[in-house]
1. Need at least 3 residues that are among the charged types (D, E, K, R) per element, so show me which helices (runs of 4 or more DSSP H) inside region B:282-374 make the cut, counting only ones lying wholly within it.
2. Among the residues of region B:288-298, how many are over 28 Å from the mean Cα position of the chain (by Cα) and within 10 Å of chain A (Cβ to nearest Cβ)?
3. Among A:GLU49, A:GLU72, which is the only one that is out of contact with any Lys or Arg (no Cβ under 6 Å at 6 or more places or on another chain) and at pLDDT 90 or above?
4. I need the full set of residues from region A:1-14 which are within 15 Å of the chain's Cα centre (by Cα) and buried (at least 20 other Cβ atoms within 10 Å of the Cβ), in order please.
5. Could you list all residues from region B:324-352 that are of a type in the set (D, E, K, R), at pLDDT 95 or above and in contact with a Leu (Cβ under 9 Å, 6 or more places away or on another chain)?
6. Could you count how many residues in region B:327-352 are at the interface with another protein chain (Cβ under 7 Å from one of its Cβ atoms) and touching a residue at least 40 places away in the same chain (Cβ under 8 Å)?
7. Take the conditions over 29 Å from B:THR85 (Cα atoms), of a type in the set (D, E, K, R), out of contact with any Lys or Arg (no Cβ under 8 Å at 6 or more places or on another chain) and crowded, with 18+ Cβ neighbours inside 10 Å and apply them to B:LYS5. Does it pass?
8. Considering each of B:ASN37, B:ASN33 in turn, give the residue that is in contact with a Cys (Cβ under 9 Å, 6 or more places away or on another chain), within 25 Å of B:GLY168 (Cα to Cα) and crowded, with 22+ Cβ neighbours inside 10 Å.
Amino acid sequence: MITREDVENIALLSKLFVPEEEMDSLTESMQEIVRFADTINNADTEGVEFDNINNLSNVLREDEVKPSYPSEEILKNAPEQAEEHFLVRKHA
Amino acid sequence: MGYIKKIQNMLTGGEITCVEFTKKYLEAIKTDNKELNAYVTVTEEEALATAQKVDEKIARGEELLPLEGVPMTLKDNISTKGIETTCCSKILSGYKPIYNATVWDILKNQNAVLLGKTNMDEFAMGSSCETSCFGGAMNPHNTCYVSGGSSGGVASAVAGDIAVFGLGSDTGGSIRQPASFCGIVGLKPTYGAVSRYGLVAYASSLDQIGPITKTVEDTAIVFDNISVYDKKDSTSCNKNISPTVDTLNKDIKGKKIGIAREYLDGVRDDVKESILAAAEKYKELGAEIVYFDLPALKFALPVYYILACAEASSNLGRYDGIRYGYKTEHYEGTHDMICRTRSEGFGDEVKRRILLGTYVLSAGYYDAYYKKAQNLRGTIIKAFEDAFENVDVILAPTVPMTAFEKGKATSDPVETYLTDICTVPINIAGLPSVSIPCGFNSNGMPIGMQIIGKKFDEATILNVAYKYEQVCPENFKDTKWGVKL
């Protein structure tokens, strides 16, 4: 059974804040979802393996030098930028 | 005849110019989108500039490419250079990609006329389009009902005749389910048949781009043009798939159409009746109906949610407020900034799936959930392979019910997940499946059925779908909206 502490822990791992007042209802809905996921517990998977869908193997290519996207184009999408860099403010 | 060929004949026959024709659609969007809420961005300038090019080409007497001059739309998770691509999430507000998805490159090179980007459940997570930060797209058959999800906007636009065709994405049914709810055609191609380059990732081992159209022929034309090997997607398959459009009208006498008994369990009566009536039609066309068991299906839904959420929790790790999209205003240090950005930027359903995904991948739970689900994926794939030893295609409902009323879908997460029970096994197994309309319920809302095929055998499922469309055209009904040809 997934507990309130578990939910707090996975929220931290997921980098999500859960407001205190939502914690109980979130734990409840997570418990319901995990109970549903638990239905696979008694499935027999003895001797079955799965790797990937079309039996693909690594796709390799020559290491050729190609032009990159211009950094000013990329930076246009950044919420904050300074001197051709992404900007994250220092903790005051 | 499908709409794509008809429109191209109108254009080359001088009946209407592409600019005039495009303007009709843009006008219709202005009026009808207020209620349908299918479009989240309209690209008027882009559309008219492309239409102008098409007219010039026609004036020079040049032959048109297969999708040239056809007004269309893209789901808002398909990257379009310089055009906002938000996945209908606050966290990607304002994001304009600096490159095109391969599918959009293909269409753009053909001068397909992009009318705009369409509504979807946030990050394609949902079954009603209502988790969109723009509010849901409505069903053109009755706007008190949802369009379905997650590609609800594409389905609403196409069924509402404010786009001729659209591309959606299907991770667990997101093309087929809204196509079914809106009474139109939606194809989820074989995994690897269409490049995913530039599709904003939800669950990479399940995601696939495909067409939504009003006729089977149109779906075949669009699929034939977008199913191209792409070295920018390492899961793209380098197979020469022969054009599906050439074999649409092939005789299906003697074809074996399988019905898995499990697929009819728990399906609402009106849906079940429509599927069985379609099976009768197929018998009249000379096909053989074969009933069989597919017990592995009972694990498909939890397997899907475990794998999809695990992949999503990893894929959505990139949204940190630093490089693109939304960023929180007040924060104390980097960790706080990332947490606040994500908590404010993601909606509830996305957060739930990230949390579940993180849980099933975390130490102590990985083997019990993720690993076990992966192994079960192997079991489900094997079960379908065995089934296809005896049948050519599988006939199944697309959704166990018809479109829900607005606001009725989002209350209980697990109950909502159950609506995906017929569609998710196909993504798990990487198979192609087309949903086509096969009737209406007592409220006049469309019912859909899937025709599922072997890997890379889109030709057969579209052939089988086309034959049904020929004998049951009454199920492919126009709505009151949009541009009528």
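The values are calculated or read from the model by the stated rules, or taken from the named source; none is laboratory data. Note that this is a predicted model, so its numbers are computed, not measured. Every residue, glycine as well, gets a Cβ built from its backbone with ideal geometry; the counts of neighbours run over all protein chains shown.
1. Answer list for region B:282-374: B:334-345, B:348-361.
2. Here the count works out to 0.
3. The match here is A:GLU72.
4. Across region A:1-14, the qualifying residues are A:ILE10, A:ALA11, A:SER14.
5. B:ARG342, B:LYS351
6. Matching residues across region B:327-352 total 2.
7. Spelling it out, it is not the case that B:LYS5 is over 29 Å from B:THR85 (Cα atoms), of a type in the set (D, E, K, R), out of contact with any Lys or Arg (no Cβ under 8 Å at 6 or more places or on another chain) and crowded, with 18+ Cβ neighbours inside 10 Å.
8. B:ASN37
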